[in-house]
Amino acid sequence: MIDSFSKRNIPQAPGGSIFSGRLKEFQRDPLSFMQKLSRNYGQVVRFKLGPSQKVILLSDPELIKEVLVTKQKNFIKSSDIRSLKALLGEGLLTSEKDVHMRQRRLIQPAFKKTHVASYGQDMIDVAQHYVQMWKHGMETEITEEMMNITLGVISKTMFSMDLKEGYELVGEAVEKVMKLAIKRMRRAIPLPLWLPSKSNREFKQAAKVLDAVLFNIIDQRRRGGIQKEDLLGMIMAARDDENGTGMTDKQIRDELMTIFLAGHETTANALSWTLYLLAQHPDKEAKMHAEIDSVIRGKTIRPEHFSSLKYTQNVIWESLRLFPPAYVIGREVDKTVEIGGYLFKKGETVLMSQYVMHRSPEYFEKADEFNPERFDNDLLKKLPAYAYFPFGGGPRVCIGNHFSFMEMVLVLACLASRYQFRLTTEQEKVKTQPLITLRPKPGIRMILHERETEKSNPDSV
Ligand code: HEM
């Protein structure tokens, strides 16, 4: 039993309209809004986002850890993520409690660090395809290129499909559904799917097409008795230790859809922001080029180069710090609970923002500056846990963390081994656009310059 009288009061941020609270400010610019609140109120503050919706913003690593790890059983996912159930069913991102725990147990082996290494060559092959297709002097929309690459990687690692087949069969259908899902999420209150509105009809139609594609792939594998080592193969072969059962076709479909949605846009945005940051910091870029050149010595990137690309890894860590694709994690209090001496009541929403924490001067010197060197000397081990958490934490930590980190490093090294990326002179100032993930707005137009590097010496090994 919780003794509510002995708890500290959560400071309340004033202002906003009686009906919508601070909703307008939040919708206009959630990043600045959260940053200001955090600076003004410190570790915890409560504000209103509607007549009855109370939201708590946490900006303290210890308290964030309590919500995500030690007392996570008292929380469920927030309502914006729950609205994705219409598309993702009971997949990892949207399921709760026992269902989530079982699914996580079954899928985890496919994403273990040791197994993920086996996808390295697929990641490189996809990046290499684009590197070879591009030309010196070409101008392009870099965010679209990165989306194509990450969609290619996920199609290849998931279904062992080549790029063209993967895109025609699955990629197109996924993209359509995702666009409509994002549109739905952006509404303050998503329209119930049974309403016969135009957008609902479009969404249902696109989801139906994608369902048919996925069920067909699953069915072909089952009937053909084909066993592959790709992600789908691992997911289909997974068996529960307790009763030996696997997943139904519907569960497999939900997980495939979830992995597509969770995995490709996040990684594409991170890569786009990284190229953007490097273009503005030629000294850091030169240092990274020197590392890549010395590791690959005129040849092409191989998966085993990953561990030698230390500076390139730090470039990615630093990019995820400044522009975390998942910029906020939300939870709803499921059972009233005490966090850091404060009482969090059932139904309240809790926000924990990576963007806010990663730019906090308390944990990062010159926090707004791009400085990959800060990750030298094991910074990640020295920081308090949850001052830096691009992949979340606890039992719901991103299952694709090793997968995407390796993908980002290998893809970046592959692209940078051949090209230098420069902003076009007409490029407008790039702003952050916080949708489901943190996108660059209005996109990033870049010109590709082929680098002059020492060509491979045929005698060298
Ligand atoms: C830079 C890339 C990525 C970032 C920043 C990222 C970030 C995150 C974060 C913060 C969460 C936790 C959300 C929460 O606690 O509410 C999460 C969950 C998840 N991510 Fe990622 N992610 C990335 C890439 C990927 C990739 C490549 C995959 C799959 C191949 C993936 C699959 C998932 C799944 C399935 C979950 C739900 C896990 C669960 O609840 O058990 N993510 N991701």
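The values are calculated or read from the model by the stated rules, or taken from the named source; none is laboratory data. None of these values were measured; they are calculated from a predicted model. Here the Cβ positions follow ideal geometry from the backbone for every residue, glycine too, while neighbour counts run over all protein chains shown. Ligands, DNA and RNA are excluded from the accessible area calculation, which covers all protein heavy atoms including side chains. Shrake-Rupley method; radii C 1.70, N 1.55, O 1.52, S 1.80 Å.
Before moving on, here are some points about what is shown:
- The helices (runs of 4 or more DSSP H) falling completely within the stretch 354-461 that include 1 or more residues that are open to solvent by less than 30 Å² (accessible area, probe 1.4 Å) map to 354-358, 401-418.
- Looking across the stretch 117-148, just one residue is of a type in the set (S, T, Y) and exposed (fewer than 15 other Cβ atoms within 10 Å of the Cβ), and that is S118.
- Residue among L351, L343 that is on the phi < 0 side of the Ramachandran plot, away from the ligand (no atom under 15 Å from the Cβ) and assigned to a strand (DSSP E or B): L343
- Q103 satisfies every condition listed in (1) open to solvent by 10 Å² or more (accessible area, probe 1.4 Å); (2) more than 19 Å from the chain's Cα centre (by Cα); (3) of a type in the set (S, T, N, Q) except (1).
- Hits in the stretch 132-165 (condition: charged (D, E, K, R), assigned to a helix (DSSP H, G or I) and either over 21 Å from the mean Cα position of the chain (by Cα) or within 24 Å of V430 (Cα to Cα) (or both)): E144, E145, K164, E165
- Residue match in the stretch 399-412 (condition: touching a strand residue (DSSP E or B) at 6+ places or on another chain (Cβ under 7 Å), farther than 26 Å from E141 by Cβ and of a type outside the set (D, E, K, R)): no
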